[in-house]
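Read through the structure below, which is laid out as structure tokens, and then see the notes.
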Amino acid sequence: MRRLMVDVVTSIVIDAPRNVVAAYAAEPSRAPEWYENIESVEWRGAPGLREGAKVAFVAHFLGRRLSYTYEIVAHRPGEHLIMRTSDGPFPMQTEYTWSDVAGGSGTKMTLRNHGEPAGFGRIGAPLMTMAMRRANRRDLERLKDVLERATR
């Protein structure tokens, strides 16, 4: 049987310094400010972006309420953050990367979500991919707006 994977990569250029963009975007408690579908965020254990730390999210996506917990897999401040679900509707990994734009005109942020849906999600993988692509684009545009307004 063919495996149905979800793999969505979205990038945007934000007119703000990389350290500012990365610090803001990597902070889970700020996620509801720029992720349209995230309703709440709560640390499971001591807060802090370190390997093994866990963060619980409640979101609404494709008409469903989703609860899932991410575990921080890797974090290099200003460069990347990788989180993987340790509990949730299906295995998913989310990666943020930040890099300077040539000429010093801002920061390129890339958001990648990839995983293998199970159960009903497996059937809807193509729909889920399209919906994630749209949502990620809107979320990065929202992040861009928030950060560019703050750094003017």
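The values are calculated or read from the model by the stated rules, or taken from the named source; none is laboratory data. What you are looking at is a predicted structure, and each value in this text was computed from that prediction instead of being measured. Every residue, glycine as well, gets a Cβ built from its backbone with ideal geometry; the counts of neighbours run over all protein chains shown. Accessible surface areas use protein heavy atoms only, side chains included; no ligands, DNA or RNA. Shrake-Rupley method; radii C 1.70, N 1.55, O 1.52, S 1.80 Å.
Got a number for carbon plus sulfur as a percent of region 72-152's accessible area, 1.4 Å probe? If you can, show how the numbers build up before the last one.
Details: 2300 of 4210 Å².
Ligands and nucleic acids excluded, carbon and sulfur give 55 percent.
Search the structure for amide H atoms under 5 Å from the amide H of Gly88, placed 1.01 Å from N in the peptide plane, and list their residues when 5 or more places away or on another chain.
Answer set, sorted by chain and number: Thr69.
List, in order, the whole-Hz ³J(HN,Hα) value for each residue of region 19-30 obtained from phi through the Karplus relation with A = 6.51, B = -1.76, C = 1.60 and θ = phi - 60°; use x for Gly and Pro.
Per residue, the Karplus-derived 3J(HN,Hα) values read 4, 6, 4, 5, 4, 5, 5, 7, 7, x, 5, 8 Hz.
Considering the options Ser105, Ala125, Pro28, tell which one lies farthest towards the positive end of the dipole of the chain, charges being +1 on Lys and Arg and -1 on Asp and Glu at the Cβ, about the Cα centre.
In the chain, that residue is Ala125.
Can you give the angle from 0 to 90° between the axis of helix 125-150 and the longest principal axis of the chain, with both taken from C-alpha atoms, to the nearest 10?
20
Normalized C-alpha radius of gyration of region 49-129, against 2.2 N^0.38 Å? Intermediate values should be presented prior to the final figure.
Working: Rg = 14.8 Å, N = 81, 2.2 N^0.38 = 11.7 Å.
Here the Cα radius of gyration is 1.27 times the empirical estimate.
Quick one: Karplus J couplings for region 51-58, per residue in order, coefficients 6.51, -1.76, 1.60, θ = phi - 60°, nearest Hz, x for Gly and Pro?
So the Karplus estimates, Gly and Pro as x, are 3, x, 5, 10, 9, 9, 10, 10 Hz.
At a 10 angstrom cut-off on C-beta neighbours, averaged per residue, how do the peptides 73-86, 91-104 rank from highest to lowest?
Values: 73-86: 16.6, 91-104: 14.6.
Going from most to least packed, we get 73-86, 91-104.
Roughly how many Å² is the accessible area per residue of the chain, as a whole number, for a 1.4 Å probe? Could the numbers behind the result be given before it?
Details: 8240 Å² over 152 residues.
Here the per-residue accessible area is 54 Å².
Name the residue farthest towards the positive end of the dipole of region 13-152 from the options Gly88, Val55, His75, assuming +1 on Cβ of Lys and Arg, -1 on Cβ of Asp and Glu, about the Cα centre.
Projecting each Cα onto the dipole axis, the largest value belongs to Gly88.
Note down the magnitude of the dipole of region 1-73 about its Cα centre, charges +1 on Lys and Arg C-beta and -1 on Asp and Glu C-beta and zero elsewhere, to the nearest 20 debye. Provide the component values of the computation, followed by the final result.
Details: 9 positive and 9 negative charges, 69 e Å.
In debye, rounded to 20, region 1-73 gives about 340.
Place a +1 charge on the Cβ of each Lys and Arg in the chain and a -1 charge on the Cβ of each Asp and Glu, then give the dipole magnitude about the Cα centre in debye, rounded to the nearest 20.
Numbers: 22 positive and 18 negative charges, 76 e Å.
Dipole about the Cα centre, nearest 20: 360 debye.
At 0.36 nm per residue, and after removing the present C-alpha to C-alpha distance, how many nm does the segment from Thr110 to His80 gain when stretched out fully?
Working: separation 30, 0.36 × 30 = 10.80 nm, distance 0.94 nm.
Extra length from Thr110 to His80 when fully extended: 9.9 nm.
How far, in nm, would the chain grow between Arg137 and Ala46 when pulled straight, counting 0.36 nm per residue and subtracting the alpha carbon separation?
29.6 nm
Averaged over all directions, how much area does the convex hull of the C-alpha atoms of region 1-145 cover when projected, in nm²? List each step's numbers first, then the result.
Details: hull surface 34.5 nm².
Seen from a random direction, the Cα hull of region 1-145 projects 8.6 nm² on average.
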